[in-house]
Structure formats: C-alpha cells, structure tokens
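**Student:** Just dropping this structure here.
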Amino acid sequence: MTKLKSIEELKNLRLLLKDETFKEDKERIRACTGTACLATGAKKVIERIEEGARQKGLEVEIVKTGCQGLCQKGPVMKVEPFGYFYQRVKSDDAPELVTNTLSAGFPVRRLLFRDSIYEEPYELMDSLPFYKKQYRIALRNNGRIDPNNINHYIAVGGYSAFEKALEGMTPDEVLDEVDRANLRGRGGAGFPAGKKWRHTKKAPGELKFVVANGDEGDPGAFMDRSIMEGDPHSLIEGMLLCAYAIQARYGFIYVRHEYPLAVRNLRVAIKQAEELGLLGEDILGSGFSFYLDIREGAGAFVCGESTALVASIEGDRGFPRPRPPRLSEPGGGLWGHPTNLNNIETYACVPPIIEKGADWFLSIGTPNSPGTKVFALTGKVKNTGLVEVPMGTTLREIIFEIGGGIMGDKRFKAVQTGGPSGGCIPEQFLDHPVDFDSLRELGSMMGSGGLVVMDEDTCMVDVARYFLSFTQSESCGKCPPCRLGTFQMLNILERITTGKGVPEDLEILERYSRLIKEGSLCGLGQSALNPVISTMKYFRQEYEEHIYDKYCRAKVCTGLGFFRIEHSECFLCGLCKQACAYGAVKESKDRFFIEQAECTKCKACYIACPIDAVKIEKQPKEAARR
C-alpha cells in the first residue's frame, strides 16, 4: 500500500477506485458478516457459494459487509445487479443460489423475505418495510463495503470530508459547522458535540486528547458495535475531524473486551489508515498529525461513564470521579489534559455534516434534535435488528411499521428506551415522537439507543426488578447512595415479586428513588431508578395487585396467585401432579384438584399443563379470610 503524500493523491485514488471497485453491472453478493450473521453460519454459507461459483466457472465478487440490520433473519445478503435480498440463508442453499440466481438471474423464492406464508415475498431490499422508512447516516456504509478494505471506504466517498477540511477549512470553521448542525451526543445525555469540542479547544494547554466511547454496556444494545464492526473508517474519519478542529494530536478508542470482532476490525482499519498516510505524522502533507490507538475495557458497565472510562484508560480501576473539573478542563481528562469524549455514533455522523453542510443535517429530524438515531430494536417484536430513523419518528412507526408488530400478534404493553437507565413507556404514548426532549418528558431517555419491546405477557414489576438488579450489580460501590440504596430497593422489589410485599413498600420505593437520584456521584446511580419510577407511574396498578391481591396478571412472578384446575378443560393427563414437588395436586375418581393449604405457588403445575387447564387467578376473598 503506497503512502499518500498529498490531498491531490487522495483525490486521484478515489477517482480510480470509484470506477473499478463497484461496477454496477458486475455480479456481486454483499453478505453480512456482522456478529449476528456469523453466529448463524454466514462464514460457511460464503464458502459454499464461492466453491459453487468456481465449479461453474462464474466470476462473482463476494463483499463481506458489516451488519445489514435485519439481525433476526440472518444470515442475510443482497445479490447484485438483480437487487435480490435473501434471508436465513443456509450452507445447503448455496448450490441453488449459484444455479438459479448467479447463473440464470432468477430469485430463489423461498429465501426471499415475506411477512407470512400467505403473502407475496419482497424481492428487493429497498421494498422491505424494515428498510423502507429508514434514513441512514451513521450506518450509511454498513452493508455496502468490506470493513477490512480501506479502498472500499474511499471508493464510496470516505475521507472526502477530512480532505475538504484540510484543503479549504480552518479548524475553527470545522468546529463551527458541527456546532451549527446541533449534533447532540448519541451516547445518552444528548449534549451538543460542538459545544463540547469548543470547551475542550478553549482549555489551556497544548496537549489534548480525542476519545471515542465504545463501551456499550446496555443489555440488548449493539448500535456502536455494528459501526465499529461494519464501518470503522467512518469512526476514524470523525475522530480525525474532531482532532483537527480542536488541534489534538492523540486519540483513543475505548472498546469493551466482549466485542472481539469490533476490536479486530478497528485494528485492521487503523493499520491500513497509517499505511496509506491518513493517520500518523504530517497527514497528506498538511502538517497536521494524529495518532490513534485502542484500549479494551474489562466489561464494567460503569466504565461507560466518562470519568470512569478515563480512569480505566489510565490503567486505574473504573471509578467515577467528582466533577468539576470536567474532562474538557485541565486536570479532568486523560492524565490531567483536556479531553474530548463522544460516543461512536456521534463521531460517525461528523463526516457527512462536514461534507454536506450543517443545513443539510438540520433539515432532518426535529428542530431541537436534528439528524437521525440508530436504535437496537429487540424484545417481543417480529423483526429485531438495527434501525436508523430521523429524529421525531414515532414509537408506533418504529415498532409496528419497521419492526413488523408484536410477536404472535399479541398486545403491545410497553417499550423500554435508553437501556437499564431508561424508562418504560406505555401504549398510550405510542404516537409520541422519539427525540431527546420528548422522551425526557415521558420520564425516560434516549440513552445509547436501546428499544426493548414488551407484550401483554410481561410483568412490569418484574421488569423493574430485572433492570435494577443489573444496575445494582454493576454499581462500582464508591458512593453509599448508589451502593446501599439500589441494594435496599432491589430487596423490596424481590419481596414484592415473590408475594411478600407490604403496602409501605410503595412509599419506601418512592422515597429511596428521590434520595438515590439526588445523592449519587455519577449518572449510573442518578438514573438507575428510572425503570422503577416509570413503571410505578404508568403501571402502579400492577404493583398494588402484587401487594394487596398477591397476584401477577402476567403470571410471571412465583409465590403469587390462587391456583386451581379448570375441570371442564382438564383431560386428566396427570402431568400437574407429577410436577408438584409438595404433593399439593390431589386426585379423586374423576378429577385433579389443588389442596390450597399445601400449595406453595411455585407454578410447577401451571408450567407442566399442556392445555392451560391450570389457572392462576386473584385469591378469592373467602380464601383470604381463612
């Protein structure tokens, strides 16, 4: 790889690659090799296709791309120039794919996406409802290029924004453009990136750092991972632009250790950028120098907090530090030097802003939350995966139009946004726009972009318990409000979900929530109570049923409810009796019944019954009196 010595050489290389890399009439397969598709066998599928093509003497290019979004249907791929989109491709499908599509140009219909067996399949990727409403900025190259080939990134316009900045913009002009675009941080709080950059630049001291936060610890979240795996150069270019704007010389990408593919692809990308002269000393002969390295985290959720992340990079334990000083101020950042920290998605949005201008970015989304947001759509939704939509898109559009609705066509109950620090939003707000401010109004938050969908079979008290158990176990333990308060609240929620709650518990939960939020040192403790606060606000009746009626309407919690056998439905298989370890299920001549005095409400009989003849109901008043 020849090192580029000038901006003109980069321009010439782009022109050359643009003509040669992606010829429109060439037969090409863009196969997803993100983590999800690799886990479902994408590597073997690609090997079988390559082998079949060789045997038939076909020249087929296979581009091993990053995540293409529709993770639940993987392995997925797009076949060009036909435009066919195939899902759930197995290695045994390779011969038919080679014979029908690559040789004859016909689709393999059973591999096409369809909503149901009764409906016609979608042949083209752009016609799928999952992709139709998406607008991709941060994910613009995911599914298009090979992340391990820098030439692919350059061929689709990569590093042209950095080129534009070096050639015709001063550092202040780059900073002003990002500031004017009102790019708000995509990692959680939504603080404007331009203002953060400006604060770091104005800080005294010649040595400054640029850091990317790839410590994505939210359960079910994989937005940043997919960018690092599928388009690492967009992150590098975004960090280069930030470094140029604030005149920083060194940068770090902090990645959680549990993302081995992301780490590998980033290392390859950094090495290729260095070899081509896009990282290192005197980049493209401009006099600007920037060095980039990777630091792997140990998997602590608290290290997503800025000061804990800095401590981890420095080699210390990931403990949050009091602020001020802020990271952007002397004494607050890496080794005491001013440091700019943004998350992966934020940096990935910077190159298009510089290339197309702030006005273009402001025309997308809402006035106070411009641009797009990437969401990890998971839970009880038909089409789980990675979604990027303009800010202001409603929850209904994301869940029902893009996500395809609730699995099994059950009733929607709630959606949890913002990870374990977010809140649970009920059905009445489905038509609410999704942006930083509107979610905060509902008692939730954008967070890094997790969207966990819940159906009618979800117990909201148990959901609050689950998320609080996560944040409690991930608490670093430095400050007593978080360390002790979350532990006490978790104990109360565990009592309630096992039928041992008392009326006073509701008041205690509310009081502890206020105290922990006001007294915690960092954002983990301050936001850990959001799932509890939001579920108590919107689903208080379920808390009261657990405490007063000893009943879980979702039939999830053990130790609750009145168990009985519906004799008109029971066909006397006896599985309930076999499952009961306490001998509470009795048998008479023509029926089974549950002896209430011996029933421990363990749910074994309920789970064992194949026809739902075992019922869980609210305890009858006469039984309660006895």
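**Student:** What are the residues in the stretch 575-589 that are over 14 Å from Lys601 (Cα atoms), assigned to a loop (DSSP other than H, G, I, E, B) and not polar (S, T, N, Q), if any? Steps first, answer last, please.
**Tutor:** Filtering the stretch 575-589 for residues over 14 Å from Lys601 (Cα atoms) gives 575, 578, 586-589.
After this cut, where a residue has to be assigned to a loop (DSSP other than H, G, I, E, B) as well, the list is 588-589.
Selection gives Lys589 alone.
**Student:** Which one of Phe252, Phe222 is among the aromatic types (Phe, Trp, Tyr), within 17 Å of Thr33 (Cβ to Cβ) and not assigned by TED's automatic domain parsing to the domain that holds Thr33? Let's see the steps before the verdict.
**Tutor:** Numbers: Phe252 fails: within 17 Å of Thr33 (Cβ to Cβ).
Exactly one of Phe252, Phe222 is among the aromatic types (Phe, Trp, Tyr), within 17 Å of Thr33 (Cβ to Cβ) and not assigned by TED's automatic domain parsing to the domain that holds Thr33, namely Phe222.
Results for (1) within 29 Å of Pro481 (Cα to Cα); (2) modelled with pLDDT under 95, shown as yes or no for each residue.
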{"position": "Leu240", "(1), (2)": "no, no"}
{"position": "Ala243", "(1), (2)": "no, no"}
{"position": "Phe252", "(1), (2)": "no, no"}
{"position": "Leu279", "(1), (2)": "no, no"}
{"position": "Ser289", "(1), (2)": "no, no"}
{"position": "Gly304", "(1), (2)": "yes, yes"}
{"position": "Arg321", "(1), (2)": "yes, yes"}
{"position": "Gly331", "(1), (2)": "yes, yes"}
{"position": "Trp335", "(1), (2)": "yes, no"}
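**Student:** Is it the case, given these coordinates, that Cys573 is more than 30 Å from Glu305 (Cα to Cα) and in contact with a Pro (Cβ under 9 Å, 6 or more places away or on another chain)? So that I can check it myself, show each step before the final result.
**Tutor:** Working: more than 30 Å from Glu305 (Cα to Cα): yes; in contact with a Pro (Cβ under 9 Å, 6 or more places away or on another chain): yes.
Here the answer is yes, as Cys573 does meet what is asked.
**Student:** When you scan the stretch 459-530 for helices (runs of 4 or more DSSP H) that lie fully inside it, which ones turn up with 2 or more residues that are in contact with a helix residue (DSSP H, G or I) (Cβ under 8 Å, 6 or more places away or on another chain), polar (S, T, N, Q) and at negative phi?
**Tutor:** Values: elements: 460-474, 480-496, 504-519, 523-527.
In the stretch 459-530, the matching helices (runs of 4 or more DSSP H) lie at 460-474, 480-496, 523-527.
**Student:** Which condition number does Arg440 fail, the rest of (1) more than 26 Å from Gly34 (Cα to Cα); (2) in a strand (DSSP E or B); (3) basic (Lys, Arg) being met?
**Tutor:** Failing condition for Arg440: (2).
**Student:** From the list Ala221, Ala262, which residue is under 20 Å from Arg140 (Cα atoms), surrounded by fewer than 24 Cβ atoms within 10 Å (Cβ to Cβ) and in contact with a strand residue (DSSP E or B) (Cβ under 7 Å, 6 or more places away or on another chain)? Quick ask: steps written out before the conclusion?
**Tutor:** Values: Ala262 fails: surrounded by fewer than 24 Cβ atoms within 10 Å (Cβ to Cβ).
None of the other options fit; the residue is Ala221.
**Student:** Within the stretch 285-298, restricting attention to residues that are in contact (Cβ under 8 Å) with a residue 60 or more places away in the chain and part of a loop (DSSP other than H, G, I, E, B), which residue is surrounded by the fewest Cβ atoms within 10 Å (Cβ to Cβ)?
**Tutor:** Of everything passing the filter in the stretch 285-298, Ser286 is surrounded by the fewest Cβ atoms within 10 Å (Cβ to Cβ).
**Student:** Which residue pairs have Cβ atoms under 7 Å apart, sit 6 or more places apart or on different chains, and have a first residue in the stretch 490-511 that is without any contact (Cβ under 8 Å) to a residue 40 or more places away in the chain and a second that is of a type outside the set (Ser, Thr, Tyr) and surrounded by fewer than 17 Cβ atoms within 10 Å (Cβ to Cβ)?
**Tutor:** Hits for this filter: Ile492/Ile508.
**Student:** Something else: Would you be able to tell me the number of residues in the stretch 197-242 that are out of contact with any Cys (no Cβ under 7 Å at 6 or more places or on another chain), outside any helix (DSSP H, G or I) and not aromatic (Phe, Trp, Tyr)?
**Tutor:** Total satisfying the criteria: 17.
**Student:** So if I check each of Leu235, Leu241, which one is in contact with a Pro (Cβ under 8 Å, 6 or more places away or on another chain), hydrophobic (A, V, I, L, M, F, W, C) and crowded, with 24+ Cβ neighbours inside 10 Å?
**Tutor:** Of the residues listed, the single one that is in contact with a Pro (Cβ under 8 Å, 6 or more places away or on another chain), hydrophobic (A, V, I, L, M, F, W, C) and crowded, with 24+ Cβ neighbours inside 10 Å is Leu241.
The values are calculated or read from the model by the stated rules, or taken from the named source; none is laboratory data. Please read these numbers as outputs of a predicted model, since none were measured by experiment. Don't worry about glycine lacking a Cβ; one is built from the backbone with ideal geometry, like all the others, and counts go over all protein chains shown.
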